[in-house]
Amino acid sequence: MKFKATIDIMPLKELLDPQGKTVGKNISNIGISGIGNVRIGKHIELEVEAEDESQANEKIETACKKLLSNVVMEYFTYSISPS
């Protein structure tokens, strides 16, 4: 079976996000007000071949922990659906 996974990776809330801070400070320069606490992360979509959803979840978890995210500085969430 094929599954589609959508993964979001964000910096841990306890850590400074310099990219987000820069965007948050400068967004008013382009005429947008009322935006704050900007955090910038990664959005990844991929297709997984697995025998069932449980095996697909296991593959996604492993990929996120070992390659896609830095678990010391980031956390991840994902959703999975049949492709």
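The values are calculated or read from the model by the stated rules, or taken from the named source; none is laboratory data. This is a predicted model, so every value here is computed, not measured. No Cβ is skipped: glycine too gets one built from the backbone with ideal geometry, and neighbour counts run over all protein chains shown. These area figures cover heavy atoms from the full protein model, side chains too; ligands, DNA and RNA do not enter into them. Shrake-Rupley method; radii C 1.70, N 1.55, O 1.52, S 1.80 Å.
Given a 1.4 angstrom probe, what's the average accessible area per residue across the chain, in square angstrom?
Each residue of the chain exposes 72 Å² on average to a 1.4 Å probe.
Report the longest stretch of the chain that contains none of the GluC sites (Glu not before Pro) sitting in a DSSP loop with at most 13 other Cβ atoms within 10 Å.
Of all site-free stretches, the longest is 15-50.
For the chain: lysine pairs with Cα atoms under 22 Å, gap of 8 or more or different chains, count?
Close lysine pairs under the 22 Å cut-off: 17.
What are the ³J(HN,Hα) couplings of segment 36-42, residue after residue, when phi is run through the Karplus curve with 6.51, -1.76, 1.60 and θ = phi - 60°? Round to Hz, x for glycine and proline.
Working through the residues one at a time gives x, 6, 7, 10, 10, x, 10 Hz.
Filter the trypsin sites (Lys or Arg not before Pro) in the chain down to the DSSP loop ones having no more than 16 other Cβ atoms within 10 Å, then list what survives.
Lys13, Arg39
Provide Rg over Rh for the chain; use the alpha carbon set for both Rg and the Kirkwood Rh (inverse mean inverse pair distance). Can you show the working numbers first?
Numbers: Rg = 16.3 Å, Rh = 14.4 Å.
My calculation puts Rg/Rh at 1.13.
Determine the share of the chain's accessible area contributed by carbon and sulfur atoms, expressed in whole percent, with a 1.4 angstrom probe.
Numbers: 3170 of 5940 Å².
Answer for the chain: carbon and sulfur cover 53 percent of the accessible area.
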